[in-house]
Amino acid sequence: MRFQTQLVPATLIRRYKRFLADCLLEDGREVTAHVANPGSMLGLADEGMRIWLEPNDDPKKKLKWAWRLVEQPGGHFIGVDTGAANRLVKPALMAGQIAGLDGYDIVRPEVMYGESSRIDFLLSGGRPDCYVEVKSVTLSRQTGLAEFPDSKTARGTKHLGELAAMVAQGHRAVMLYLVQRTDAERVTLADDIDPVYAAAFTEATAAGVEVLSLGCEITPSGITLGQPLPFEPPK
């Protein structure tokens with residue numbers, strides 16, 4: 001997935017109202033960028049961080065900049081756009097490129113199921129129906145270890161219960177953690193941040209919900225799916 005326009009480096013001044021960020025461009029201009037991330041962005045939104053913005057000239061958009069990446073001092077990148085996760089996963093599913101989720105004839109996004117919810121992807125044809133929920137992972141508080149979530153997520157907890165209900169009905173259900181960090185070597189749950197989610201995860205996996213975790217390759221040119229990452233269940 002290539003960015004639509006060339007990204008521009010900037011320095012973060014502040015993030016506020018969740019979806020807005022004031023940024024300082026290298027030419028001295030101060031601009032406001034859209035932040036496509038409803039989470040806390042723990043560790044990613046500190047003043048002075050080097051970030052990358054995507055400019056646009058779309059007259060329908062109020063803001064002419066969108067915050068896409070954080071660059072760490074060591075040269076690693078983190079993708080902050082949570083919507084990018086589904087945009088990356090969809091073509092890979094359609095091409096049968098994700099091991100364990102291949103062999104399906106039809107890939108349908110945003111299908112209604114459960115209690116007024118939408119599953120990210122419903123795979124059907126060729127194998128038993130498979131319900132796939134995708135979560136973008138950006139938190140890391142320990143070198144090499146990515147964690148989800150970065151804040152309490154009642155919605156995420158609900159999704160786990162609904163995935164377990166699909167298994168009870170005889171379907172497959174998969175929780176896919178997409179890690180948008182190039183420094184991640186393994187994945188786990190931040191059970192200290194949301195113990196309720198961690199408990200729901202334990203119940204869901206015991207009920208038969210499968211877990212996949214994938215890394216990403218990220219540069220200012222674009223983001224592509226990387227290799228599978230080991231998942232370490234919470235202790």
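The values are calculated or read from the model by the stated rules, or taken from the named source; none is laboratory data. Nothing here was measured: the structure is a model prediction, and the numbers come from that model. We place every Cβ from the backbone using ideal geometry, glycine too, and count neighbours over all the protein chains shown. Surface areas here come from the heavy atoms of the whole protein model, side chains and all, with no ligands, DNA or RNA. Shrake-Rupley method; radii C 1.70, N 1.55, O 1.52, S 1.80 Å.
Here are the numbers for this structure:
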read-out: Residues that are small (Gly, Ala, Ser) and without any contact (Cβ under 8 Å) to a residue 24 or more places away in the chain, drawn from region 20-73; value: Gly28
read-out: Meets criteria (in contact with a Gly (Cβ under 9 Å, 6 or more places away or on another chain) and modelled with pLDDT of 95 or more) for Ala190; value: no
read-out: Selection status of Gly100, of a type outside the set (A, V, I, L, M, F, W, C), open to solvent by 30 Å² or more (accessible area, probe 1.4 Å) and within 18 Å of Val174 (Cα to Cα); value: yes
read-out: Matching residues, region 1-10, being assigned to a strand (DSSP E or B) and either in contact with a helix residue (DSSP H, G or I) (Cβ under 6 Å, 6 or more places away or on another chain) or surrounded by fewer than 14 Cβ atoms within 10 Å (Cβ to Cβ) (or both); value: Arg2
read-out: Number of the exception - Arg181 against (1) without any contact (Cβ under 8 Å) to a residue 12 or more places away in the chain; (2) in contact with a Phe, Trp or Tyr (Cβ under 9 Å, 6 or more places away or on another chain); value: (1)
read-out: Within region 20-73, considering residues that are under 19 Å from Thr138 (Cα atoms) and aromatic (Phe, Trp, Tyr), the one surrounded by the most Cβ atoms within 10 Å (Cβ to Cβ); value: Trp67
read-out: Qualifying positions in region 135-169 - crowded, with 22+ Cβ neighbours inside 10 Å and part of a strand (DSSP E or B); value: Ser136, Val137, Leu139, Ser140, Ala146, Glu147, Phe148
read-out: Single residue of region 203-235 satisfying the filter (hydroxyl-bearing (Ser, Thr, Tyr) and closer than 17 Å to Val134 by Cβ) that is least open to solvent (accessible area, probe 1.4 Å); value: Ser213
read-out: Enumeration of residues in region 35-60 that are in contact with a strand residue (DSSP E or B) (Cβ under 8 Å, 6 or more places away or on another chain) and farther than 22 Å from Thr224 by Cα; value: Leu42, Gly43, Ala45, Asp46, Glu47, Gly48, Met49
read-out: Residue list for region 170-202, filter: in a loop (DSSP other than H, G, I, E, B), under 19 Å from Gly39 (Cα atoms) and open to solvent by 50 Å² or more (accessible area, probe 1.4 Å); value: Asp191, Asp192
read-out: In region 87-124, the residues that are charged (D, E, K, R) and part of a loop (DSSP other than H, G, I, E, B); value: Asp102, Asp105, Glu115
